[in-house]
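The values are calculated or read from the model by the stated rules, or taken from the named source; none is laboratory data. Note that the coordinates shown come from a computational prediction; the quantities given were computed from them, not determined experimentally. Every residue, glycine among them, receives a Cβ derived from its backbone with ideal geometry; neighbour counts consider all protein chains shown.
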Amino acid sequence: MGHSNENNSPVISISAREASLRRKVRRQLRSLGFRKSADGALEVDGDDKNLVRRLHAPQRLERLSANADFLSGRAPKLLQYFASGREVEPAAIQPELERVHAGSWQADLFRLAALTWSVPVSNGFGRRLRYIVWDAHNDKLLGLIAIGDPVFNLSVRDTLIGWNAEDRRERLVNVMDAYVLGALPPYNTLLGGKMVACMVRSRQIFNDFTRTYGNTTGIISGKVKKARLLAVTTSSSMGRSSVYNRLRLDGVRYFAPIGYTRGWGHFHISDDLFVEFRDYLRSIGHRYADQHRFGQGPNWRLRTTRAALKALGFRDELLRHGIRREVYVCNLASNATTILRTGKGRPDLSSLLTVQQVADLALERWVVPRAQRRPDYRVWKSDDVLRLLGNAVSIPPVQAASC
């Protein structure tokens, strides 16, 4: 039974609140098509890309709704930077990387472009380097790159390198994760995603990392570490990736598959439900409710969700959604694995190219041949990007404006 506080507002008892939250969890999972398997894990019919998009659709709608004011206010001015197909000349594409800094109009453009992804992307955490990839030939947006601190526990990465727990604590500082990586229309239909992915392995990004994070103190360890960007991991939200597989230029492998994640996570827990989880944990005095500063442990949202589910009487298996991602690694130094495993050696950067050199190889290998085979990229119109933002957001007609 509930009771009233001094302001005569009804207060729901903890037990009633727990029962309500349990029902909400079950309803949400059923609405996504999940059911429990014999071992208590979740299962859902299908394993193709359309299934992944469907499962992420509620999360994406939440993200778009949360950004409605931003989209209405900034999109009309920023859409001028998206290319139409007829503005793209494949053989003349001139990719350039521009570092994105918080509070800039470029940060708004990055945010807008990332919202067009069919699977919501992370905001990253800890150390971050973000880039807009421009086509300098027409001053249009070609793609996005964002690398940030990697997840602490990633078994396929640690097995590949040969790390034990102490090795990982000491040398994970030399690894980053590409959490946003791809091309925007119409460049994506020209295999521009492959070109953008290859730019991760460039001297510009290696040097930017060194200047920004080369002499920093580890938040968790408290030690000064001379960090060097030796490797970048990424994962495909759609399972096996057609972008990262067989990603070679001039005999150099840019990304290599190293295995799959185990299908654990929290994407199937909505933002609204997560807010309720935090409020519930706060009411029972659980420290995870507000422990979300970097350095307070890996993957705070996952730990917080697990703690709430456990307190509500659910098993950990409710976080085993079974949607596995293929994981890839890009070694910027050819001897990266050895240095990461042993902590000894000087990075061999002899095969590391500039952005322009990478782009020249990628244009010849993928982009120009694709344009000749598939000229339909030319029908894309810049305002078609509005369709990628769905119907959850109302945006006024585009007006010519400067930023």
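Among the residues examined, Tyr187 does not qualify as under 21 Å from the mean Cα position of the chain (by Cα), assigned by TED's automatic domain parsing to the domain that holds Val100, free of Cβ contacts under 8 Å to residues at least 60 places away in the same chain and crowded, with 17+ Cβ neighbours inside 10 Å. Cβ-Cβ contacts under 8 Å between residues 6 or more apart (or on different chains), taken from a first residue in the stretch 141-155 that is over 15 Å from Val121 (Cβ atoms) to a second residue that is small (Gly, Ala, Ser) and buried (at least 21 other Cβ atoms within 10 Å of the Cβ), are listed as Leu141/Ala83; Leu141/Ala113; Leu142/Ala83; Leu142/Ala183; Leu142/Gly192. Across the stretch 8-54, the number of residues qualifying as over 25 Å from Ser236 (Cβ atoms) and at pLDDT below 75 comes to 10. A count restricted to the stretch 190-233 and to residues that are in contact (Cβ under 8 Å) with a residue 24 or more places away in the chain, out of contact with any Lys or Arg (no Cβ under 6 Å at 6 or more places or on another chain) and assigned to a loop (DSSP other than H, G, I, E, B) stands at 9. Only a single item in (1) farther than 22 Å from Leu349 by Cβ; (2) modelled with pLDDT under 95; (3) not in a helix (DSSP H, G or I) is not met by Ala146, and it is number (2). Which condition does Ser118 not pass, out of (1) buried (at least 19 other Cβ atoms within 10 Å of the Cβ); (2) within 17 Å of Arg325 (Cβ to Cβ); (3) of a type in the set (Gly, Ala, Ser), if it passes all the others? Among (1) buried (at least 19 other Cβ atoms within 10 Å of the Cβ); (2) within 17 Å of Arg325 (Cβ to Cβ); (3) of a type in the set (Gly, Ala, Ser), Ser118 violates only (1). For the stretch 29-80, taking the residues that are without any contact (Cβ under 8 Å) to a residue 12 or more places away in the chain and in contact with an Asp or Glu (Cβ under 7 Å, 6 or more places away or on another chain), the one that is nearest to Ser104 (Cα to Cα) is identified as Arg35.
For the stretch 295-334, taking the residues that are in a strand (DSSP E or B) and of a type outside the set (Phe, Trp, Tyr), the one that is surrounded by the fewest Cβ atoms within 10 Å (Cβ to Cβ) is identified as Arg320.
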